[in-house]
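Written out below as structure tokens is the structure these notes cover.
The values are calculated or read from the model by the stated rules, or taken from the named source; none is laboratory data. Given the structure is predicted, the values throughout are model-derived calculations rather than measurements. FYI the Cβ positions are ideal-geometry reconstructions off the backbone, even for glycines, and counts take in every protein chain you see.
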Amino acid sequence: MQPDTCVVVPTIREYECVREYVANAREHGHADRLFFCLVTEDFCDTERMREMLADLDVAGRVFDASDRADWYREQDVDEYDHVIPAASHAETSFGLLYLWANEQFDYGFFIDDDTLPHDTDFFGGHYTNLDRSGEVTAVRSDENWVNVLFENFEEHGLYPRGYPYAAMDETVEIGTTTLAAGDVVASQGLWTNVPDLDAVRILMDGDLRGQAATRTTRADFDEDFVAEPGQYLTVCSMNLAFRREVVPAFYQLPMDDNEWDVGRFDDIWSGVFLKRAADLLGDQILTGTPLCEHNKAPRSTFDDLNNEVPALELNEHVWKVVDEVGDGADSYREAFAAMADALADGEFDEWNNGGFLNFVGEHMRDWLDCLAALDAPRATPATARADDD
């Protein structure tokens, strides 16, 4: 059976988590569907990673910086290598390029290396979500933002990383909507143990080691839900599945490796752009299960704060910029192009580091050009097991 799912794992640390995900997939009958794309760096033990995939007998490849450079040349897209930032979590975008270049992949998964699956059918849960039909909970607020941790908010009071400060203290309205098969283009699983918070909220929670004093459990999550059209939500890439068709609108953005020193908003802003595109096309992002266990390693909260501060003001506004464009788009590529133009050509001098939004917009245009260059059938089919090609 040829894999139809590209599982992207950015890792410079605990790549052994892949063993648990493979065991879960094998237990529930999904292992043959999966191709693991490990995105790492030259300074990491890539040989051990390859040995792990071989030992697990799963299809996959390991790409450090040198491997990625070789791949760009092989695909004749090395002029676009700048769209993937160096030594950044946003290198998950390379996994998107690899998925796009190999037409066998109908689905993609993002999994962070500091997570583990629960004792449920992890991959099957996401596949089921992507095929979900029927009635589902629909959430909105008077601030046009949905807190993905709203279900037990009165107990924990948490807002996730990337949720705008101006949108707090919102009034939440909960209803229902009916999904048709194919409406769900992305399935966002949430997390137990360490919640995904920004540095300011972690400091307010009393933790200096980048984690959180307040933890989440399964009891904090009840029903899967969608944010209504016109409503935004944070999208975290640590536990996420998506359909191939959204890749043009799901670029993870040029974080960390930029003159403004902006980081930590790659999946947040890409999620904003994906939600806008999905709304324009009448599609949905389903959030909730399957859960993962987030075992974030201790690190200085102030290091994260330094990465987040340069774009904190921009985060309050970027969603409003893209909310005004894209009407009439009939594809994810067209919707994303409209957002790219709005950012690349906009005037944002009134905001701190506003020029970064122009930089992002220009890279979004290059992302679309790179995908167009990959549309030619020049990629090697991804059937190799454990880099034996």
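Quick rundown of the values:
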read-out: Qualifying residue in the range 282-294 (condition: under 28 Å from M204 (Cβ atoms), surrounded by fewer than 22 Cβ atoms within 10 Å (Cβ to Cβ), of a type outside the set (S, T, N, Q) and in contact with a helix residue (DSSP H, G or I) (Cβ under 6 Å, 6 or more places away or on another chain)); value: no
read-out: Any hit, the range 345-355, residues being modelled with pLDDT of 95 or more, assigned to a helix (DSSP H, G or I) and buried (at least 19 other Cβ atoms within 10 Å of the Cβ); value: no
read-out: Single residue of D279, D257 found to be farther than 25 Å from N102 by Cβ, of a type in the set (D, E) and either at pLDDT 95 or above or in contact with a helix residue (DSSP H, G or I) (Cβ under 7 Å, 6 or more places away or on another chain) (or both); value: D279
read-out: Hits in the range 1-27 (condition: surrounded by 15 or more Cβ atoms within 10 Å (Cβ to Cβ), outside any helix (DSSP H, G or I) and over 20 Å from the mean Cα position of the chain (by Cα)); value: P3
read-out: The one condition in (1) in contact with a helix residue (DSSP H, G or I) (Cβ under 8 Å, 6 or more places away or on another chain); (2) within 22 Å of D222 (Cβ to Cβ); (3) surrounded by 23 or more Cβ atoms within 10 Å (Cβ to Cβ) that L190 fails to fulfil; value: (1)
read-out: Yes/no for L203 being surrounded by 20 or more Cβ atoms within 10 Å (Cβ to Cβ), outside any strand (DSSP E or B) and either in contact with a Ser or Thr (Cβ under 9 Å, 6 or more places away or on another chain) or of a type outside the set (D, E, K, R) (or both); value: no
read-out: Number of the exception - I268 against (1) surrounded by fewer than 24 Cβ atoms within 10 Å (Cβ to Cβ); (2) assigned to a helix (DSSP H, G or I); (3) β-branched (V, I, T); value: (1)
read-out: Cβ pairs under 7 Å, 6+ apart, first in the range 166-189 and closer than 17 Å to V246 by Cα, second among the basic types (K, R); value: V184/R132; V185/R243
read-out: Whichever residue in the range 210-243 is part of a loop (DSSP other than H, G, I, E, B) and β-branched (V, I, T) and, among such residues, is surrounded by the fewest Cβ atoms within 10 Å (Cβ to Cβ); value: T217
